[in-house]
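Single-structure report; data block below.
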Amino acid sequence: PVFWGLVLWYTSYSLTASSIIFQFVPLLRVQDVPNRDIYLAFALVGPVQVGARILVVTLGRGASTARLGAVTTLLVPLALLVMILAPPVLGTLCVFSALFGAGHGVTTILRGTAPAEWLGRAHYARTMGAIALPMMFAMAIAPLWTATVWTASEDPTVVWLVILAGSLLGTAGYWLAVSARRRTRAA
(Lines give C-alpha, C1' and ligand atoms only; values in the text may rest on other atoms or scores of the structure.)
Protein backbone atom coordinates (compact mmCIF):
# COMPACT_ATOMS: atom_id res chain seq x y z
CA PRO A 1 0.00 0.00 0.00
CA VAL A 2 2.88 2.43 0.67
CA PHE A 3 4.26 1.77 -2.80
CA TRP A 4 0.88 2.27 -4.48
CA GLY A 5 0.27 5.45 -2.50
CA LEU A 6 3.62 6.79 -3.72
CA VAL A 7 2.79 5.78 -7.29
CA LEU A 8 -0.55 7.60 -7.10
CA TRP A 9 1.03 10.66 -5.47
CA TYR A 10 3.91 11.01 -7.91
CA THR A 11 1.93 10.11 -11.03
CA SER A 12 -0.90 12.52 -10.22
CA TYR A 13 1.60 15.19 -9.25
CA SER A 14 3.51 14.73 -12.52
CA LEU A 15 0.27 15.02 -14.48
CA THR A 16 -0.63 18.15 -12.53
CA ALA A 17 2.76 19.86 -12.85
CA SER A 18 3.08 19.08 -16.55
CA SER A 19 -0.47 20.32 -17.16
CA ILE A 20 0.29 23.59 -15.40
CA ILE A 21 3.61 24.11 -17.16
CA PHE A 22 2.18 23.52 -20.63
CA GLN A 23 -1.16 25.31 -20.24
CA PHE A 24 -0.31 28.26 -17.97
CA VAL A 25 0.44 30.72 -20.78
CA PRO A 26 -2.36 29.70 -23.19
CA LEU A 27 -5.02 29.59 -20.45
CA LEU A 28 -4.12 33.07 -19.24
CA ARG A 29 -3.83 34.54 -22.74
CA VAL A 30 -7.40 33.49 -23.53
CA GLN A 31 -8.43 35.35 -20.35
CA ASP A 32 -6.81 38.52 -21.76
CA VAL A 33 -4.05 38.64 -19.16
CA PRO A 34 -1.20 40.86 -20.43
CA ASN A 35 1.83 38.90 -21.63
CA ARG A 36 4.19 40.77 -19.28
CA ASP A 37 2.11 39.64 -16.26
CA ILE A 38 2.01 36.05 -17.50
CA TYR A 39 5.76 35.93 -18.14
CA LEU A 40 6.64 37.60 -14.85
CA ALA A 41 4.49 35.15 -12.90
CA PHE A 42 5.84 32.17 -14.85
CA ALA A 43 9.43 33.35 -14.34
CA LEU A 44 8.82 33.55 -10.59
CA VAL A 45 8.23 29.79 -10.32
CA GLY A 46 11.90 28.84 -10.75
CA PRO A 47 13.40 31.12 -8.09
CA VAL A 48 10.66 30.11 -5.63
CA GLN A 49 11.46 26.42 -6.25
CA VAL A 50 15.11 27.05 -5.43
CA GLY A 51 14.22 29.14 -2.38
CA ALA A 52 11.92 26.44 -1.06
CA ARG A 53 14.62 23.80 -1.52
CA ILE A 54 17.13 25.97 0.32
CA LEU A 55 14.67 26.42 3.19
CA VAL A 56 14.15 22.66 3.42
CA VAL A 57 17.88 21.94 3.42
CA THR A 58 18.63 24.62 6.02
CA LEU A 59 15.66 25.31 8.25
CA GLY A 60 13.71 22.14 7.57
CA ARG A 61 16.61 19.75 7.98
CA GLY A 62 15.03 18.09 11.02
CA ALA A 63 11.57 17.85 9.49
CA SER A 64 10.41 14.38 8.56
CA THR A 65 9.47 13.45 5.02
CA ALA A 66 5.91 12.94 6.25
CA ARG A 67 5.71 16.48 7.65
CA LEU A 68 7.24 18.07 4.58
CA GLY A 69 4.86 16.11 2.36
CA ALA A 70 1.89 17.12 4.49
CA VAL A 71 2.67 20.77 3.71
CA THR A 72 3.77 20.47 0.09
CA THR A 73 0.87 18.28 -1.02
CA LEU A 74 -1.43 21.15 -0.05
CA LEU A 75 0.50 23.95 -1.78
CA VAL A 76 -0.30 23.02 -5.37
CA PRO A 77 -4.05 22.51 -4.76
CA LEU A 78 -4.06 25.88 -2.95
CA ALA A 79 -2.29 27.46 -5.92
CA LEU A 80 -4.93 26.05 -8.24
CA LEU A 81 -7.75 27.31 -6.02
CA VAL A 82 -6.22 30.78 -6.31
CA MET A 83 -6.35 30.49 -10.12
CA ILE A 84 -9.94 29.31 -10.02
CA LEU A 85 -11.37 31.70 -7.43
CA ALA A 86 -9.41 34.95 -7.84
CA PRO A 87 -9.27 37.25 -10.85
CA PRO A 88 -6.20 36.64 -13.05
CA VAL A 89 -4.31 39.82 -12.16
CA LEU A 90 -0.59 40.11 -11.46
CA GLY A 91 -0.93 39.77 -7.69
CA THR A 92 -3.02 36.62 -8.00
CA LEU A 93 -0.61 35.16 -10.54
CA CYS A 94 2.33 35.83 -8.22
CA VAL A 95 0.57 34.11 -5.31
CA PHE A 96 -0.13 31.16 -7.59
CA SER A 97 3.51 31.05 -8.70
CA ALA A 98 4.80 31.23 -5.13
CA LEU A 99 2.55 28.39 -3.96
CA PHE A 100 3.15 26.23 -7.02
CA GLY A 101 6.90 26.93 -7.07
CA ALA A 102 7.33 26.06 -3.39
CA GLY A 103 5.25 22.89 -3.73
CA HIS A 104 7.04 21.85 -6.91
CA GLY A 105 10.49 22.57 -5.50
CA VAL A 106 10.05 20.52 -2.34
CA THR A 107 8.12 17.71 -4.05
CA THR A 108 11.08 17.05 -6.33
CA ILE A 109 13.21 16.45 -3.22
CA LEU A 110 10.57 14.20 -1.64
CA ARG A 111 10.32 12.10 -4.80
CA GLY A 112 13.84 10.90 -4.11
CA THR A 113 13.71 10.59 -0.34
CA ALA A 114 10.26 9.17 0.46
CA PRO A 115 10.67 5.83 -1.39
CA ALA A 116 14.05 5.17 0.23
CA GLU A 117 12.80 6.13 3.68
CA TRP A 118 9.40 4.46 3.50
CA LEU A 119 10.15 1.38 1.39
CA GLY A 120 13.83 0.81 2.15
CA ARG A 121 17.03 1.15 0.22
CA ALA A 122 17.55 -2.51 -0.70
CA HIS A 123 15.88 -2.26 -4.12
CA TYR A 124 15.84 1.52 -4.48
CA ALA A 125 16.72 1.63 -8.20
CA ARG A 126 14.07 -0.94 -9.09
CA THR A 127 11.49 0.80 -6.92
CA MET A 128 12.23 4.19 -8.48
CA GLY A 129 12.03 2.69 -11.98
CA ALA A 130 8.64 1.21 -11.20
CA ILE A 131 7.41 4.52 -9.80
CA ALA A 132 8.90 6.53 -12.69
CA LEU A 133 7.17 4.64 -15.50
CA PRO A 134 3.63 5.91 -14.80
CA MET A 135 5.06 9.33 -13.85
CA MET A 136 6.70 9.71 -17.25
CA PHE A 137 3.56 8.55 -19.01
CA ALA A 138 1.51 11.12 -17.06
CA MET A 139 3.93 13.90 -17.94
CA ALA A 140 3.78 12.94 -21.60
CA ILE A 141 -0.02 12.86 -21.86
CA ALA A 142 -0.71 15.95 -19.73
CA PRO A 143 -0.61 18.53 -22.57
CA LEU A 144 -2.91 16.41 -24.76
CA TRP A 145 -5.22 15.63 -21.84
CA THR A 146 -5.65 19.27 -20.83
CA ALA A 147 -5.99 20.41 -24.44
CA THR A 148 -8.73 17.83 -24.94
CA VAL A 149 -10.57 19.05 -21.84
CA TRP A 150 -10.21 22.64 -23.00
CA THR A 151 -11.44 21.84 -26.50
CA ALA A 152 -14.46 19.98 -25.15
CA SER A 153 -15.39 22.60 -22.54
CA GLU A 154 -14.15 25.80 -24.22
CA ASP A 155 -13.68 27.12 -20.68
CA PRO A 156 -10.30 27.76 -19.00
CA THR A 157 -11.90 27.39 -15.57
CA VAL A 158 -12.92 23.82 -16.40
CA VAL A 159 -9.30 23.07 -17.29
CA TRP A 160 -8.10 24.53 -13.97
CA LEU A 161 -10.75 22.46 -12.15
CA VAL A 162 -9.64 19.25 -13.85
CA ILE A 163 -6.01 20.00 -13.00
CA LEU A 164 -7.11 20.67 -9.41
CA ALA A 165 -8.85 17.29 -9.32
CA GLY A 166 -5.62 15.64 -10.44
CA SER A 167 -3.64 17.42 -7.73
CA LEU A 168 -6.15 16.33 -5.09
CA LEU A 169 -5.81 12.75 -6.31
CA GLY A 170 -2.07 13.07 -5.74
CA THR A 171 -2.69 14.44 -2.24
CA ALA A 172 -4.90 11.41 -1.56
CA GLY A 173 -2.10 9.13 -2.75
CA TYR A 174 0.29 10.83 -0.35
CA TRP A 175 -2.04 10.28 2.60
CA LEU A 176 -2.61 6.67 1.54
CA ALA A 177 1.16 6.09 1.64
CA VAL A 178 1.53 7.84 5.01
CA SER A 179 -1.38 5.91 6.50
CA ALA A 180 -0.12 2.57 5.20
CA ARG A 181 3.36 3.32 6.52
CA ARG A 182 2.00 4.12 9.96
CA ARG A 183 -0.01 0.89 10.01
CA THR A 184 3.06 -1.09 8.96
CA ARG A 185 5.22 0.52 11.65
CA ALA A 186 2.55 -0.08 14.31
CA ALA A 187 2.30 -3.77 13.41
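For this structure, a couple of remarks:
- Extension gain (nm, one decimal) between Leu55 and Thr151, 0.36 nm per residue minus Cα-Cα: 30.6 nm
- Relative contact order of the chain, pairs being alpha-carbon contacts under 8 Å that are 6 or more residues apart, as %: 47
- The modelled label-to-label distance between Ala43 and Ile84, using points 7 Å beyond Cα along the C-beta direction, is 3.0 nm.
- Heavy-atom accessible surface of region 86-187: percent carbon and sulfur, 1.4 Å: 70
- Residue-wise HN-Hα couplings along region 130-144, as the Karplus relation 6.51 cos²θ - 1.76 cosθ + 1.60 with θ = phi - 60° gives them from phi, are 5, 6, 5, 4, x, 4, 5, 4, 4, 5, 6, 8, 3, x, 5 Hz; Gly and Pro carry x.
- The order of Leu176, Leu75 by accessible area, most exposed first and with a 1.4 Å probe, is Leu176, Leu75.
- Student exercise, the chain dipole from Lys, Arg, Asp, Glu Cβ charges, in Debye to nearest 20: 960
- If you run the Gaussian network model on the chain, springs between alpha carbon atoms under 10 Å, then out of Leu78, Leu15, Leu90 the most flexible one is Leu90.
- Across Leu110, Leu40, Leu80, mean-square fluctuation computed from a Gaussian network of the chain (C-alpha pairs under 10 Å connected) peaks at Leu40.
- Note on the chain: helix-only mean residue ellipticity at 222 nm, from DSSP H runs of 4+ residues weighted -39500 (n - 2.57) and normalised by residue number, equals -31500 deg cm²/dmol.
- Annotation: per residue accessible area for the chain equals 49 Å², rounded to a whole number [probe 1.4 Å, protein chains only].
- Karplus-based coupling profile of region 165-180, in residue order and whole Hz: 4, x, 5, 5, 5, x, 4, 4, x, 4, 5, 4, 5, 4, 4, 5, with θ = phi - 60° in 6.51 cos²θ - 1.76 cosθ + 1.60 and x standing for Gly or Pro.
- Table column - 3J(HN,Hα) (Hz), region 18-26, Karplus curve with 6.51, -1.76, 1.60, x for Gly and Pro: 5, 4, 5, 4, 7, 10, 3, 5, x
- In terms of accessible area, using a 1.4 Å probe and ignoring ligands and nucleic acids, Asp37, Asp155, Asp32 rank largest first as Asp32, Asp155, Asp37.
- Net charge contributed by nearby residues that have their C-beta within less than 12 Å of Val30 (K/R +1, D/E -1): -2
- For the chain, a Gaussian network of Cα nodes joined below 10 Å ranks Ser97, Ser153, Ser167 by mean-square fluctuation, and the top entry is Ser153.
The values are calculated or read from the model by the stated rules, or taken from the named source; none is laboratory data. This structure is a prediction, so every number in the text was calculated from the model and none was measured. Glycine gets a Cβ as well: all are built from the backbone with ideal geometry, and neighbour counts include every protein chain shown. Each accessible area value is taken on the protein alone, full model and side chains, heavy atoms only, with ligands, DNA and RNA left out. Shrake-Rupley method; radii C 1.70, N 1.55, O 1.52, S 1.80 Å.
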